[in-house]
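Worksheet: the structure to be examined is printed underneath.
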Amino acid sequence: MGKVYLVGGGPGDPDLLTMKSYRLLQSADVVLYDALVNKDILRITKPDCLKIYVGKRDSRHTLPQEEINELLYRFARVYDKIVRLKGGDPFVFGRGGEEFVFLRERGVEVEVVPGTTSAVAGPSSALIPITHRGIASSFAVITGHPNRGINWADFVKVDTLIILMGVKNRQKIARELIDAGRDPDQPVAFVEKATTPEQREVFTTLRELFENPPEVETPAVMVVGKVVEIGQMVLKELPISSKL
Ligand code: SAH
């Protein structure tokens, strides 16, 4: 029986891969990868490595999760080193936990290799500090997927909100946060395609997002909170202390 590595491929820039992920990719017999993985990363693999796309993006599922689990199990019975490569960190909205449990229950050795999550790399690559002394001392990472039943009122008092998979649902999220008591003037940023050459930031406010939502391309990390202003000021080279 081979070993399966649940590897975090980082947010996009191949240079943000960990040394450990890099080494595992170099020696893998099989790599199963997702849509959000930067395809340049796959060049690290050896020439005879089997590379299989099992990616899902929103509703365009290529393979249902059960089939991915089954595939991993079958490969583990044939090959030595199987890398399950996911965008960001495998255990942040990546269903890595499900794959881990499925394989362990069947006696397969599994190792988790953490990666840099877009939840953190997204804002920081847009110069938005998710915590900042005197301004933000807490943050939450939340799914914005429409059918996850998030109670947005639970997060009103968290200083910085980091929302993944929230682009489609952005207008509704803004309304729910305002209804729950969050300041409508609070700034919001979307960081599209973070850490790639196509990275782009869209700045708005909760009110504007609710009344007249700007265009945003996926994938994007949504950030809500005062710290967003710091990013904007840094970009415009304004003194930070003058406004906050
Ligand atoms: N495991 C991943 C998250 C998977 S959920 C991680 O740790 O990063 C998918 C969501 O992640 C997307 O909807 C988007 O919100 C975010 N995302 C992933 N890569 C991104 C990138 N390069 N730029 C912006 N958002 C990204």
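The values are calculated or read from the model by the stated rules, or taken from the named source; none is laboratory data. In this text, all values refer to a predicted model and were calculated from it rather than measured experimentally. Cβ atoms come from the backbone with ideal geometry, glycine included; neighbour counts cover every protein chain shown. Surface accessibility is based on the protein's heavy atoms, side chains included, excluding ligands, DNA and RNA. Shrake-Rupley method; radii C 1.70, N 1.55, O 1.52, S 1.80 Å.
Of everything in segment 87-141, what is surrounded by fewer than 16 Cβ atoms within 10 Å (Cβ to Cβ) and more than 16 Å from the ligand (Cβ to nearest atom)? Give them in sequence order. Of everything in segment 87-141, those that are surrounded by fewer than 16 Cβ atoms within 10 Å (Cβ to Cβ) and more than 16 Å from the ligand (Cβ to nearest atom) turn out to be V101, R104, E105, R106, G107, E109, E111, T131, R133, G134, S137, S138. When segment 1-60 is filtered for residues that are modelled with pLDDT of 95 or more and polar (S, T, N, Q), the ones remaining, listed by number, are T18, S21, Q26, S27, T45. I'd like to know if segment 66-83 contains one or more residues that are polar (S, T, N, Q) and open to solvent by 60 Å² or more (accessible area, probe 1.4 Å). No, every residue in segment 66-83 fails to be polar (S, T, N, Q) and open to solvent by 60 Å² or more (accessible area, probe 1.4 Å). Residues in segment 36-55 that are under 15 Å from the mean Cα position of the chain (by Cα) and open to solvent by less than 20 Å² (accessible area, probe 1.4 Å): V37, G55.
Does segment 156-177 contain at least one residue that is at pLDDT below 95, in the same structural domain as P214 (by TED's automatic domain parsing) and of a type in the set (G, A, S)? Looking for residues that are at pLDDT below 95, in the same structural domain as P214 (by TED's automatic domain parsing) and of a type in the set (G, A, S), one finds none in segment 156-177, hence no.
Considering every residue within segment 197-208, establish whether at least one is under 29 Å from V37 (Cα atoms) and of a type in the set (D, E). Within segment 197-208 (the criterion being under 29 Å from V37 (Cα atoms) and of a type in the set (D, E)), the answer is yes, since at least one residue qualifies. Based on this model, can you work out whether K157 counts as assigned to a loop (DSSP other than H, G, I, E, B), free of Cβ contacts under 8 Å to residues at least 24 places away in the same chain and not polar (S, T, N, Q)? Judged against the criteria, K157 is a match.
Within segment 197-230, the residues that satisfy the criterion of being among the polar types (S, T, N, Q) and crowded, with 16+ Cβ neighbours inside 10 Å are Q199, T204, T205.
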